[in-house]
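For reference, the structure discussed in these notes is given below.
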Ligand SMILES: [Fe+2]
């Protein structure tokens with residue numbers, strides 16, 4: 001990648017491809033104390049008030065800087081490094097490659113909690129692991145009630161839902177969700193009926209005296225790739241048909257339509273939603289529905305298969321942080337008479353983890 005000049009024009013060259021950089025793009029980026037606030041890096045001028053046909057008067061390129069005088073008289077010195085940074089996706093979390101895993105995974109991405117971890121390099125490593133594997137576990141997180149709120153808000157901001165700022169997971173009478181019973185929970189994603197679906201779930205174990213009640217995780221990315229390889233038709237229909245996900249209780253009706261496997265604009269994996277007790281496929285031709293039902297059955301078999309699921313017991317002080325757009329989670333059954341089992345959960349969104357990751361990267365010059 002490099003910058004070149006030609007006839008009062010600036011060009012950006014990358015892998016043999018040369019493109020002119022619009023003069024206005026450069027004018028918007030003028031540096032210096034009278035144009036940009038030092039602390040916030042926000043502009044001190046409004047570019048929409050400028051003439052968009054702005055032209056360059058003089059140019060000078062040195063090893064580290066591009067000096068420009070625009071025809072409106074503004075002169076600036078731009079660091080080449082900063083310009084090149086804008087053409088690279090190195091800072092994007094999409095750049096962190098996902099690692100597919102199945103039941104053979106031994107590394108549970110364990111990190112030890114310390115009071116100052118949120119400002120330490122260790123947190124950067126934990127977040128990188130989170131983006132690679134879709135989950136991490138923090139050990140020795142203080143088990144005082146509601147500590148999860150502090151934890152979540154130290155990464156970013158809690159994403160409140162109609163279950164509250166955080167929720168308690170223990171069996172209780174008259175539950176409005178199966179999570180609040182001692183029944184087994186098959187792998188699922190949370191809140192598929194919400195728009196947007198909460199990105200990350202935090203689950204903090206306060207007490208766990210029962211023998212069962214193991215936490216289970218499945219990598220939806222691995223399963224999706226497997227489906228794509230072995231059952232192309234099933235993969236295709238699950239990426240195409242929008243299903244209605246629904247949640248109803250006394251005070252709210254939540255609905256959202258989405259594919260069970262959602263792809264991004266490049267056709268790559270973006271998100272899975274799976275919660276077969278609350279999804280409703282629209283009425284379609286019988287043949288198409290037949291294919292859809294077979295596809296849903298197959299993906300359910302894969303999600304529930306021993307080949308893909310990991311199981312582990314959360315101990316008091318363990319805090320599991322999992323990607324709700326990528327992983328499915330569940331738990332095995334337990335006997336509530338054996339003792340207490342008490343977990344607290346909450347959600348945060350990707351802007352929190354992404355913002356924290358970039359902050360720590362900047363702080364430690366990584
Ligand atoms: Fe859940």
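Rounded to the nearest 0.05, what FRET efficiency is calculated for residue 139 and residue 195 with R0 set to 35 Å and r the Cβ-Cβ distance? Could you put the intermediate results ahead of the total?
Details: r = 34 Å, r/R0 = 0.98.
Approximately 0.55, to the nearest 0.05.
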Over the chain, relative contact order from alpha-carbon pairs under 8 Å, at least 6 apart, %: 23 percent
With each pseudo-label sitting 7 Å past Cα toward Cβ, what's the residue 160-residue 281 distance in nm, one decimal? 3.9 nm
Hits in the stretch 120-153: amide N under 18 Å from the 7 Å Cα→Cβ extension of residue 315, namely 136-144
Full-extension gain between residue 263 and residue 304, please, as 0.36 nm times their residue separation minus the C-alpha to C-alpha distance. 12.6 nm
In nm, the gap between the two label points placed 7 Å beyond Cα toward Cβ at residue 240 and residue 61 is 4.8 nm
First check a/c for the stretch 2-86, with a ≥ b ≥ c the square roots of the eigenvalues of its C-alpha gyration tensor; if it is under 1.5, answer rounded, and if not, answer prolate when a/b is larger than b/c or oblate otherwise. prolate
Among the stretch 48-79, those whose backbone N falls under 19 Å of a label point 7 Å along Cα→Cβ from residue 37 are 48-49
For 100, 94, what's the fewest-to-most ordering of other Cβ within 10 Å of each Cβ? 94, 100
Using Cβ contacts closer than 10 Å as the measure, can you line up 321, 260, 1 from fewest to most? 1, 321, 260
Between residue 228 and residue 52, what FRET efficiency follows from the Cβ-Cβ distance if R0 is 51 Å, with the result rounded to 0.05? 0.70
With a 10 Å cut-off between alpha carbons and a GNM built on the chain, which of 171, 215, 88 moves the most? 88
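With both partners inside the chain, how many of the DSSP beta bridges are antiparallel, as a percent to the nearest 5?
Bridges in the chain are about 95 percent antiparallel.
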Which angle between 0 and 90 degrees, to the nearest 10, do you get for helix 286-304 versus the longest principal axis of the chain when only C-alpha atoms count? 80 degrees
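Provide the gained length on full extension for the span residue 103 to residue 25, in nm with one decimal, where the gain is 0.36 nm per separating residue minus the Cα-Cα distance. Mind dumping the intermediate values first?
Details: separation 78, 0.36 × 78 = 28.08 nm, distance 4.92 nm.
So the chain would gain 23.2 nm between residue 103 and residue 25.
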Ordered by fewest other Cβ atoms within 10 Å, a rough proxy for footprinting exposure, 268, 226 read 268, 226
How far is it, in nm, from the label point at residue 364 to the one at residue 7 when both lie 7 Å from their Cα along the line to the Cβ? 5.0 nm
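Where a number appears in this text, it was derived from the coordinates with a stated rule and is not lab data. Not measured: the values here are computed from a predicted model. Cβ: placed from backbone, ideal geometry, glycine included. Neighbour counts: every protein chain shown.
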